[in-house]
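Asker: Here's a structure for you.
Bear in mind that the values in this text are calculations on the coordinates, not laboratory data. All figures in this text were calculated on a predicted structure; none of them were measured in a lab. Glycine also receives a Cβ, built like all others from the backbone with ideal geometry; neighbour counts cover every protein chain displayed.
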Amino acid sequence: MHPNAFLQTYRRLDLQPQIFVAMSFASAYEQRFQKIFKPAIESIAISGTKLSAYRVDNSKTGDSILTDILNGIAHSQMILAGVYDSLHLPRISGSLFAIK
């Protein structure tokens, strides 16, 4: 991607009413997303607008996964990241990082 195209695409300040969820797509973690992360995120409202959980495997844009990841990180209110060790066991799960 040309640097100018990158800046025009991702360097906007318009944040979407969503939290970017960075976690494993493995089916073993789907229940954690559906029963813990998603309901917790959807219970949050900012200025009266409810947030949604955005995970790139649920994206319907048709773009590449890298584009969806960069766009999600750049334009989400926050990031919820599940960090796993090499055995795919949760080491730290649900760390929140604010982005602006």
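Asker: Can you list the HN-Hα couplings for region 63-76, worked out from phi with the Karplus curve (6.51, -1.76, 1.60; θ = phi - 60°), rounded to whole Hz and with x for Gly and Pro?
Answerer: 3J(HN,Hα) across region 63-76, in whole Hz: 6, 5, 4, 5, 5, 5, 5, 4, 5, x, 5, 5, 10, 8.
Asker: Further question: Given H placed on each backbone N at 1.01 Å, which residues far from Leu80 in sequence or on other chains put an amide H within less than 5 Å of it?
Answerer: Distant-sequence amide H within range of Leu80: Phe20, Val21, Ala22.
Asker: By average Cβ neighbour count within 10 Å, what is the ranking of 63-72, 22-31 from highest down? Mind showing how you got there, number by number?
Answerer: Values: 63-72: 15.2, 22-31: 12.8.
Sorting 63-72, 22-31 by mean packing, highest first, produces 63-72, 22-31.
Asker: Could I ask something else about it? Quick query: amide H of Ile44 versus all other amide H atoms, modeled in the peptide plane; which residues come in under 5 Å with a sequence gap of 5 or more or a different chain?
Answerer: The answer is Leu51.
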